[in-house]
Amino acid sequence: IPVLTNDDVLDIYLAREALESAALRSIVAKATSAAASQVLGQYVTLMEKAETEGDWAAVGNFDLEFHVALVDASGSQRLRRMFSTVISETRLCLGALTAADARSDLVNEHRQICDLLQEGEIDQALAVLTKHFDDAVVTLSSRQVPTATTALDGR
C-alpha cells in the first residue's frame, strides 16, 4: 500500500479542485444543471440519512459517489478518465480517517453545491467546492500523514 504524504494529499486535492471545477463549469455551460442537481441531490439525501444514523462509513462512500456523479454529469470522457485516478487516490487518503474525524458541515457543503448548481450560481458553487476541499486537506493533514519517503510517485 502506498504511503501518502501531506504533499501527496495537497496534490490530490489540487487535481480534484481543477477537475471538479471544470465539471461544474461544463454542466452550467451545457445548461444541464437541473438534471445534474437532481442526481447529486439523491446522494445528498443518502448522506443525510446515513449521517442521522451515525453511519460515517456510508456518509464517506456517498460523499465520494457525489463527486463521481458530479464529474460524470459533465459529459466529458476525458474528465471522467482523469478523475477516476484522482478519486482512487482520494480513497487512499480517506482510508486513514475514522468517525472521530467526521466534520459537522460535510453534508451541508454537498447540499450547498447541489443547490447552487441548481440555481446556476457557478461562482458560489465553486467557492463552496474550494472550501470543501480546503477543509478536507486540513482534516487529512491533522491525521499526521507521514511526510517522508514512500510517496505515490515513487520518491
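Keeping every protein chain present and rolling a 1.4 Å probe, give me the accessible area per residue for segment 19-125 in Å².
Working: 5250 Å² over 107 residues.
About 49 Å² of surface per residue is accessible.
Given R₀ = 35 Å, what would the calculated FRET efficiency be for residue 45 paired with residue 134, taking r from the Cβ atoms and rounding to 0.05? The partial results should precede the final answer.
On the way: r = 25 Å, r/R0 = 0.71.
Calculated value: 0.90.
In square angstrom, rounded to the nearest 10, how much accessible surface does residue 62 have for a 1.4 Å probe?
60 Å²
Considering only protein heavy atoms, with the full assembly of protein chains and a 1.4 angstrom probe, order 103, 111 by accessible area, largest first.
Per-residue accessible area, sorted high to low, gives 111, 103.
Would you list 87, 122 from the most to the least accessible area, probe 1.4 Å?
Result, largest first: 122, 87.
Considering the options 110, 64, 138, tell which one lies farthest towards the positive end of the dipole of the chain, charges being +1 on Lys and Arg and -1 on Asp and Glu at the Cβ, about the Cα centre.
Farthest along the dipole direction, towards plus: 64.
Would you mind telling me the share, in percent, of accessible area of the chain contributed by carbon and sulfur at probe 1.4 angstrom?
Details: 4350 of 8020 Å².
That share works out to 54 percent.
Zone of residue 142 (label point 7 Å along Cα→Cβ, backbone N under 20 Å): which residues in segment 50-70?
Counting only backbone N, you get 51-52, 54-61, 63-64.
Under a plain spin-label model, where a point goes 7 Å from the Cα along Cα-to-Cβ, how far apart in nm are residue 6 and residue 104?
That separation, rounded to one decimal, is 2.6 nm.
As a test of reading the structure, rank 64, 14 by solvent-accessible area (1.4 Å probe, protein chains only), most first.
Accessible-area ranking of 64, 14, largest first: 14, 64.
Work out from phi, with θ = phi - 60° and the Karplus expression 6.51 cos²θ - 1.76 cosθ + 1.60, the ³J(HN,Hα) of each residue of segment 111-120, listed in order in whole Hz, and give x for Gly and Pro.
Rounded to whole hertz, the list is 4, 4, 4, 4, 5, 5, 5, 4, 7, x.
Over all directions, average the projected area of the Cα convex hull of segment 1-126 and note it in nm².
So the mean shadow area of the Cα hull is 7.6 nm².
The values are calculated or read from the model by the stated rules, or taken from the named source; none is laboratory data. All values derive from a computational prediction rather than experimental measurement. Here Cβ is always computed from backbone atoms with ideal geometry, including for glycine, and neighbour counts include all displayed protein chains. Areas reflect the complete protein model, heavy atoms only, side chains present, ligands, DNA and RNA absent. Shrake-Rupley method; radii C 1.70, N 1.55, O 1.52, S 1.80 Å.
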